[in-house]
Each structure stands twice: as structure tokens, then as C-alpha cells.
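All remarks here apply to the structure that follows.
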Amino acid sequence: RELSGEEGRQQEEQSYDWYKQWEEWARQQWEQAQREAYREQQKWQQQYQQQQYQHYQQDNRSDEYSHQKSQRRTQQTKHQQSEKEEFIWDFDPNDPHSVLGVSRNASKDEVSRAFRREMLKHHPDTQAGASEKDKRRATERSKLISDAYRTIKSGHK
């Protein structure tokens, strides 16, 4: 049954009032959630800054400790640089075809076979009885082989 006239308008206004009340309640809930999230974020940032400050204080407690730490870093950096410089290859590491030992006009299959062959020869896991230096060399070589294969493969597409 349909309401007409004044009754119909009153019922529409009541249903509209209910919706307006619900909308206001939902907005208040959302704003409250936003305020709580902001407070939590502020609390987290404050805790994080305190932790960073404590770490900073611990790192700088003693000049001797800091000096020793910087010396260790310098030694590690020099060691890492010397490791990269110590390998002399019998191919051009900047030429992916040279790394895999294939010609520039090699097919996809030839490149794939060369990759597998070289990885079987030079992968660190296949160097069971090798010294640490030889394993590091094998690791570097396998990285070069993987990079070369990836480069050539992306060029074939």
C-alpha cells in the first residue's frame, strides 16, 4: 500500500533522518579510527627514534671502540677490493659471448648448452675438494656465467 500526501512525506523524511544519523555516526567512527592510527604512528616513531638514539649512544661510547670498528671496516673493504682484483680470467669478462665461449651468431640452443657446460665446470658446489680461494674464484666465475647467459638470452628475444 502506498502512502500519499502528508503521511508519505513524513515517512520519507524519517527514513532520510535515519540515513543522515547513520552517516554522521559512520563519519565519527572513521575520524576516531584515523586519530587512533595517527597516535599509534606517532608512538611508533617515537619508539623508533629512541632505539636509534640508544644504538647511536652504544656505538659511540668509547672512542677506542669506534676507532677499532672503523679500522675493521677499512680492512674488510680492502679485502673485498683485493678479492675482486685477484682474479685474472682467460676471457673478457665484459663480453658475454667470450664468457660462455660461443660465437656472436650462436643459436639459442648453442648458448643454452654452453651455459650448462660452463656451470657444470665452474659452479662452486661442484668444487668439493677445492680450497677457499678456488671456491671464491668458482663463485665469481659462475656469477659471470649467469650474467652472460641472462644478457645473451635477453638479446635473443
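The values are calculated or read from the model by the stated rules, or taken from the named source; none is laboratory data. Since the model is a prediction, treat every value here as computed from it, not as a measurement. Cβ coordinates were reconstructed from backbone atoms using ideal geometry, including for glycine residues, and neighbour counts include every protein chain displayed.
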Q) Looking at (1) of a type in the set (Phe, Trp, Tyr); (2) modelled with pLDDT under 90; (3) in a helix (DSSP H, G or I), which is the only condition Trp44 fails? A) (2)
Q) List pairs: first in the stretch 120-136 and part of a helix (DSSP H, G or I), second surrounded by 12 or more Cβ atoms within 10 Å (Cβ to Cβ) and of a type in the set (Ser, Thr, Tyr), Cβ under 6 Å, 6+ apart or cross-chain? A) His122/Ser142; Pro124/Thr139
Q) Which numbered condition trips up Tyr149, out of (1) in a helix (DSSP H, G or I); (2) at pLDDT below 90? A) (2)
